[in-house]
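Only the coordinates and a few stated rules stand behind these numbers; no lab work does. None of these values were measured; they are calculated from a predicted model. Because the Cβ atoms are built from the backbone with ideal geometry, glycine has one as well, and the counts that use them run over all protein chains shown.
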Amino acid sequence: MSDTFNAVLPAEWAPQSGIQLTWPHAGTDWAHMLTEVQACFAAIAREIAQRELLLIVTPEPEEVKKQISATVNMQNVRFMECETNDTWARDHGAITMLDSEGASLLDFMFNGWGLKFASDKDNLITRQAVESGFLNGRYVNRLGFILEGGSIESDGLGTLLTTSECLLSPNRNGQMSRDEIEDYLCSVFHLKQVLWLDHGYLAGDDTDSHVDTLARLCSPDTIAYVQCTDTQDEHYEALHQMEEQLKTFRTLNGNPYRLLALPMVDKIEEEGERLPATYANFLIMNDAVLYPTYRQPENDQRAKEVLQEAFPHHEIVSVDCCALIKQHGSLHCVTMQYPVGVM
């Protein structure tokens, strides 16, 4: 019997075996800008495969090979062929727990961020990945609860950071109260505390304020967060309230967090709609942090400096993600990391 009592939800900075990308194709919402977004995915794939194993989930592996073979370290790439609705691996990928016997791969229900988009095919990916051996571990069916990886942050020690706007969305687990949801999370992930952010949003965000767009755990005592200093910006009040609430949070040792402010991305619009560009949507790897940039040199550089302060022993690597935000996501949203032993 596995030692599930001692199971932990590892932090993203825990040692990794690899990362999943679910590739865009003509059957996704990217159809109208497929070449542009595939180039962005290829850039992300290149940075990942230089450093770790990369699992690409796609219905057309031969087509993807043509797109990336000239620039990506193909020795580190694995292809899993299956049907997909979209590309947001963070939200349909397995959430991994670790215990003394290895990994448990928890398969939560993804319902298109509260029934906004189709997700029937994406919901089958995790089970297929485990059954076909692309992911190694015990498959755990958690499809009775709706949860996206982008909505939670773990410090690996028993603290979970999340947002009430997302987890209390009526189209997710609306039959449950806040206390019931917290009790469920504590039971499943063996948590000691849940930190609920009650403020903060980004215009154009489909996710109902995923925490990975707003505030990120960088170590057990450090949180990087989006700061808005422009009082005329529509986000100012909500992000200021978020900042004030973050100051009240305490680590399990009872200490305040070291808070590192990421710059707000200058307004980017598409057909008159503001897009939810954010520097908080970075991916922590074993020896590098991949972070999104938006062709704003001053902000891009400032974000890099903040992340270098947060991760002094990591290489901070930029990836232009202007394509990704046109579908209202960014770099962290399209990736899912797996701990050592899973890939």
Distance between the C-alpha centers of the range 29-97 and the range 283-302? Whole Å please.
19
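Checking a compactness column here: for the range 250-333, what do you get for Rg(Cα) / (2.2 N^0.38 Å), N being the number of residues? Intermediate values should be presented prior to the final figure.
Values: Rg = 14.0 Å, N = 84, 2.2 N^0.38 = 11.8 Å.
With N residues counted in the range 250-333, Rg over 2.2 N^0.38 Å equals 1.19.
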Assuming 0.36 nm per residue, please report the length gained on full extension of the stretch Q175 to A39 beyond their Cα-Cα distance.
44.8 nm
Pairs of lysines in the chain (C-alpha under 28 Å apart; 8 or more residues apart or interchain):
13
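Between beta-carbons, use under 14 Å as the cut-off and find the net charge around F145, counting Lys and Arg +1, Asp and Glu -1.
Every neighbour counted, the sum reads -4.
If Lys and Arg each add +1 and Asp and Glu each add -1, what is the summed charge of the other residues whose beta carbon sits under 14 Å from the beta carbon of S187?
Combined, the nearby Lys, Arg, Asp and Glu give -2.
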For all pairs of alpha-carbon atoms in the chain, what percent lies in each bin of width 10 Å, listed from the first bin to the last filled one?
6, 27, 38, 25, 5, 0
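For the chain, what is the calculated [θ] at 222 nm in deg cm²/dmol (nearest 500), taking -39500 (n - 2.57) for each run of four or more DSSP H residues and dividing by its residue count?
Values: 10 runs with 86 residues, N = 343.
Only helices count here, giving -7000 deg cm²/dmol.
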Whole-percent pair-distance distribution, where bins are 5 Å wide, for the alpha carbons of the range 58-168
2, 10, 18, 20, 19, 14, 10, 5, 1
How much net charge surrounds K121 when only the other residues with a Cβ under 10 Å from the Cβ of K121 are counted, with Lys and Arg +1 and Asp and Glu -1?
-4
Calculate the tail of P(r) for the range 176-220: the fraction of all Cα-Cα distances greater than 17 Å, expressed in %.
48
One would report the Cα pair-distance distribution of the range 12-56, bin width 10 Å, in %, as 26, 46, 23, 5
